[in-house]
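Written out below as structure tokens is the structure these notes cover.
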Amino acid sequence: MPVKEKKQAPPPEIAQGRHPMEKYLRTDRIPHIWCAGCGLGTTVSSFLYAMDNLGLDPDSVAVISGIGCTGRVAGYVRMDSYHTTHGRPIPFATGLKLAKPDMKAVVFSGDGDLFAIGGNHFIHAARRNLDINVICVNNLNYGMTGGQAGPTTPLGGRCTTSPYGNFEHPFNLVYLAASAGAPYVARWTSLDVRRLQRAIEEMLVRKGFAFLEIIAPCPTNYGRRNKLGEGLDELRYYAEHAVIEHGADPADTEILPGKDFLVGKFVDEEEPTYWEMYQDKVAELEGGRR
Amino acid sequence: MMDIVIRLAGAAGQGVQTVGEVLARAAFRSGLSLYAEQSYHSRIRGGENAFALRLTEGTAWGTREDTDLLVALNQEMLDNYLPTVADGGLVVCEAELEAAGKVIRIPAGQMAKDELNLPIAANMVMLGAAARVVGIDEQVLSEVVREAFGDKAELNLKALALGGEHAGKPLLQVPLSTYSRGERMLLTGGEAVGAGAIAAGCRYLSSYPMTPGTAVLTYMANQAGRWGLVVEQAEDEIAAINMALGAAYAGVRSLVTTSGGGFALMVEGLSLAGMIETPVVIHIGQRPAPATGLPTRTGQEELLFAVHAGHGEFPRYVVAPRTAEEAFYLTAKAFDLAEKYQIPALILTDQYLVDSYSLCEPLDAGRVAPRSYLLPAGELAAMESYDRFALTASGISPRAAPGVSEKLVLVDSDEHDSYGRITEDLQIRREMTEKRLRKELALREDVAPPTLYPDGSLEGRTVLLGWGSTYGAIREAVDMLNADGGSYALVHFSEVWPLRTQELEGFFAEAACVVAVEGNATGQLARLVAQQTGLRVQGRIGRYDGRPLTAEGIVREVGR
């Protein structure tokens, strides 16, 4: 992969090196555990900027994470949060949302947590169409546990559990989510911080189940084992290969090594949500009207 | 003492359950003491479907093996149950069936087709005949049919009358009424668990269907509108318990219902409940296992599983109600203690208890009115800081719901500090482990002792030791054995964990001999008692063929 040198203006100085979105962060937990070059930090920042731009009260938002590197997000945000067992953030968010519908439930987790051990929960949540936002940071492998192959590892990808290259076809998460009935499906890379923020803002204010896939580098494990270079190199690769095509057919969004892939907003539809139908039924039983 | 069993048996799809319920309800309306057991094959058509209604002079404690009136809807069930018909017993069956002995033949299928043009009403013709033979108040029966069938009642009432006419005059006699309307309730164990949950303030259930646990799911789903319940059918049991924990985290009392196999999938979530100290109540309707086992049959095979399930060490509360009435109160107690100690609570019933109808005094929801253990919002707001897992002398930390103040409610499946932050600090780990386990000290004091029947000294007596739904059968067995000159007593547990050991030591010391009577092959309570006290039973009686223990069966085994 060619590495291009590009001159860039240095980022603006921030007073005392503090994060501008500090009000949403548990600063006592910083520094975080993520590796240099990992996409998770920028992803979380985009989420916090989205919260800020919408002026959301942090007490109205709960962040639910599973296990893994992305699973740690819940531990860094200054919001009610829940760090569940492996694979279970969606069921937990479902219960929370059913019991406390006025609270926004944001699931932040990784590809292994959401699509391997938690895959069944994901497709049913998409079909159920409760107002839950699922943000999946896809780094193509299990990072925290040392780089095992996962449900999105590309064919041929080398992982500690696929030392001869991966023989299992990966999920195309966009296609999977759309097929399962998710009314909002988008994908960006962790480089697209502004677009990410906009997508998250859209998700936070819209009704129904919303899914965002964030393609992020894992320089320590997947990147190193597959000779993709440092985190920055992976980001450059994504910058060069990600092609924006809003409304593309989800079936055409496969990610193949060395080839261009599509990012953008692929599905944005209005479907009756679980909560709307539930409220209608309650109103009907009470003899009133919504 | 008057004691008759009417056994309706047919293939699945022939309406045995509907007819049985109508008959049981009519007996109930007539003030008769009753117990009704249901037994069925795991299929939608064909196979065995039986409904045994027992009518007694005194309290009907359970089912009986033999039959005074067999109502057979097909040849297979006639052949199957004919051997159970007692001396002097009667058989009512379809005219074309083959049977020797005293048989009342009713051309029910023909009558339903020819005279009602409604072949499906054949079972109601049979019911009419059976009711006449037994001497059930037919006016009450008609009233029940009218309520059960609504618009379609007229043809069914005609069917009843046709059957009654054909049968002629009563040949048996029902016992005298023992109560008036309003003095008793008729309910199944499954309904009792659901009602107990609602009375205890449960407003959330998520579950995946699994017989016999499904009965509670169905009951709650049907009660949802009336009580404002949220009922979610999850994609699997793993989701079910995690959803319930999500709702419980939000401060809502939550229930899941399943059977042994589904509970196996929930075990990970059970351990999570232990770690995050979030209350959840799990109803396990037991059925014979391993694996799929006998899906629609009964058994008591999950005691040790329920007590030991889950990775790691954390307290829990496990109950095994004796009767439907007790299922109501113990379900409510399970919710109360789950909230009080922030622990998982498990309710062990079985297919026999879940599906059987029994009578009880009107359930008193006031007795189990929910007490809130959540930190009030005002108190939370006034606190300088909030530590969800604060270390306390009792081990119980103040539990707040999220989103009610700017204070954060953090929970973590990893080991955490008092604030709820993930930690690997070994000192905190020790303190948190001890804090969680400390809750069991007070919990032990909240567990009721085992019951003793009859009261009095155990000197020279053989103690039959039991737990859960076998209470009625063992109690009746004790009465039968003692009436026969024996010296027996029953020691019964309906709250099984934490196991109360102080009384046991006295019982074992006093009794001549202790025999465990359980619906399993290995004596799970006996093993639990040995593990906790070092005391060993002298004998074991186990039933593990999927059918409930009966008084006659226990007496037979004792005689061996």
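Just so you know, all these numbers are worked out from the coordinates, no wet-lab data involved. Note that the structure is predicted; figures quoted are calculated from it, not measured. Here the Cβ positions follow ideal geometry from the backbone for every residue, glycine too, while neighbour counts run over all protein chains shown.
Helix B:153-167 versus the longest principal axis of chain B: what angle, 0 to 90°, nearest 10, using Cα atoms?
50 degrees
Going 7 Å from the Cα of A:Arg224 along its beta-carbon direction, which residues of the stretch A:133-177 have the amide nitrogen within less than 17 Å of the resulting point?
A:139-149, A:158-163
Please give the FRET efficiency for B:Ser385 paired with B:Leu441, using the beta carbon to beta carbon distance and R0 = 25 Å, rounded to the nearest 0.05.
0.40
Taking Cα atoms, how many degrees apart are the long axis of helix A:231-241 and the longest axis of chain A, rounded to 10 and kept between 0 and 90?
The angle comes out near 70 degrees.
How far is the Cα center of the stretch A:209-236 from the Cα center of the stretch A:55-105, in Å?
Answer, in whole Å: 24.
Rg (Å, one decimal) plus Dmax (Å, integer) for the alpha carbons of the stretch A:99-229?
Expressed in Å, the Cα Rg and Dmax of the stretch A:99-229 come to 15.2, 49.
Computed FRET efficiency, Cβ-Cβ of A:Asp102 and A:Asp260, R0 51 Å: what is it to the nearest 0.05?
It comes out at approximately 0.75.
With labels modelled as points extended 7 Å from the Cα through the Cβ direction, what inter-label distance (nm, one decimal) is found for A:His19 paired with B:Arg430?
Each label point is offset 7 Å from its Cα along the Cβ direction, giving 3.4 nm.
Rounding to the nearest 20 debye, state how big the charge dipole of the stretch A:22-289 is about its Cα centre with +1 on each Lys and Arg Cβ and -1 on each Asp and Glu Cβ.
Result for the stretch A:22-289 is approximately 740 debye, rounded to the nearest 20.
Which order results if B:Lys340, A:Lys227 are arranged by neighbouring Cβ count within 10 Å, fewest first?
Listing B:Lys340, A:Lys227 from fewest to most nearby Cβ atoms yields A:Lys227, B:Lys340.
By counting other Cβ atoms within 10 Å of each Cβ, how are B:His41, A:His169 ranked from fewest to most?
Ranked by crowding around the Cβ, least crowded first: A:His169, B:His41.
Between B:Glu406 and A:Gln279, take the C-beta separation as r, use R0 = 35 Å, and let me know the FRET efficiency to the nearest 0.05.
FRET efficiency, B:Glu406 to A:Gln279: 0.80.
So for the pair B:Thr178, B:Glu138, with labels modelled 7 Å out along Cα→Cβ, what separation do we get in nm?
Once both label points are built, they end up 2.8 nm from each other.
Using only the Cα atoms of the stretch B:1-141, each taken as one equal point scatterer with no solvent, compute I(q) by the Debye sum, divide by I(0), and report log10 of the ratio at q = 0.16, 0.17, 0.18 Å⁻¹.
Reported log10 I(q)/I(0), two decimals: -0.79, -0.89, -1.01.
Using the Cα centre of the protein assembly as shown as origin and beta-carbon charges of +1 (Lys, Arg) and -1 (Asp, Glu), tell me which of B:Ala291, A:Val137, B:Pro209 is placed farthest towards the positive end of the dipole.
Of the options given, the answer is A:Val137.
What does the charge count near B:Glu65 come to, summing +1 for each Lys or Arg and -1 for each Asp or Glu among other residues with Cβ under 11 Å from its Cβ?
Its environment carries a net charge of +2.
What do you get for Rg/Rh over the stretch B:469-560 if you use C-alpha atoms and the Kirkwood form of Rh?
Result: Rg/Rh = 0.94.
Give me the distance in nm between label points sitting 7 Å out from Cα along the Cα-to-Cβ direction at A:Asp268 and A:Leu155, one decimal.
Those two pseudo-labels are separated by 3.3 nm.
Considering only B:Met220, A:Gly118, B:Ala24, whose Cα is most displaced toward the positive end of the charge dipole of the protein assembly as shown, charges sitting on Cβ of Lys, Arg (+1) and Asp, Glu (-1)?
The one lying farthest along the dipole's positive direction is A:Gly118.
Take every DSSP beta bridge with both residues inside the stretch B:396-535 and express the antiparallel ones as a percent of the total, to the nearest 5.
Of the beta bridges lying entirely in the stretch B:396-535, close to 35 percent run antiparallel.
Mind pulling the angle between the C-alpha long axis of helix B:524-533 and the longest principal axis of chain B? Nearest 10 degrees, somewhere in 0 to 90.
The angle comes out near 30 degrees.
If one computes the Cα centroid of the stretch B:465-535 and of the stretch B:371-404, what distance in Å separates the two points?
The stretch B:465-535 and the stretch B:371-404 have Cα centres separated by 41 Å.
Restricting to DSSP H runs of at least four residues, report the calculated mean residue ellipticity at 222 nm for chain A, -39500 (n - 2.57) per run over all residues, nearest 500 deg cm²/dmol.
Calculated from helices alone, the mean residue ellipticity at 222 nm is -8500 deg cm²/dmol.
How many partner chain Cβ atoms sit within 10 Å of a residue's Cβ in peptide B:407-418, on average, as a whole number?
Shielding by partners across B:407-418 averages 5.
More than 41 angstrom separation, counting every C-alpha pair in the protein assembly as shown; what % is that?
Tail of P(r) above 41 Å: 45 percent of Cα pairs.
Looking at this model, which pairs from A:Lys97/B:Lys439; A:Lys23/B:Lys340; A:Lys104/A:Lys227 are more than 32 angstrom apart at the alpha-carbon?
Table pairs above 32 Å Cα-Cα are A:Lys23/B:Lys340; A:Lys104/A:Lys227.
Taking a temperature of 25 °C and a viscosity of 0.890 mPa s, what whole-number D in µm²/s does Stokes-Einstein yield for the stretch B:105-176 with Rh from Kirkwood over alpha carbon pairs?
205 µm²/s
Quick one: P(r) of chain A from all Cα-Cα pairs, 10 Å bins, percents rounded to integers, in order of increasing distance.
6, 29, 36, 21, 6, 2, 0
Kindly state, as a whole number, the per residue volume in cubic angstrom of the convex hull around the alpha carbon atoms of chain B.
156 Å³
Share of antiparallel DSSP beta bridges in the protein assembly as shown, in percent to the nearest 5?
30 percent
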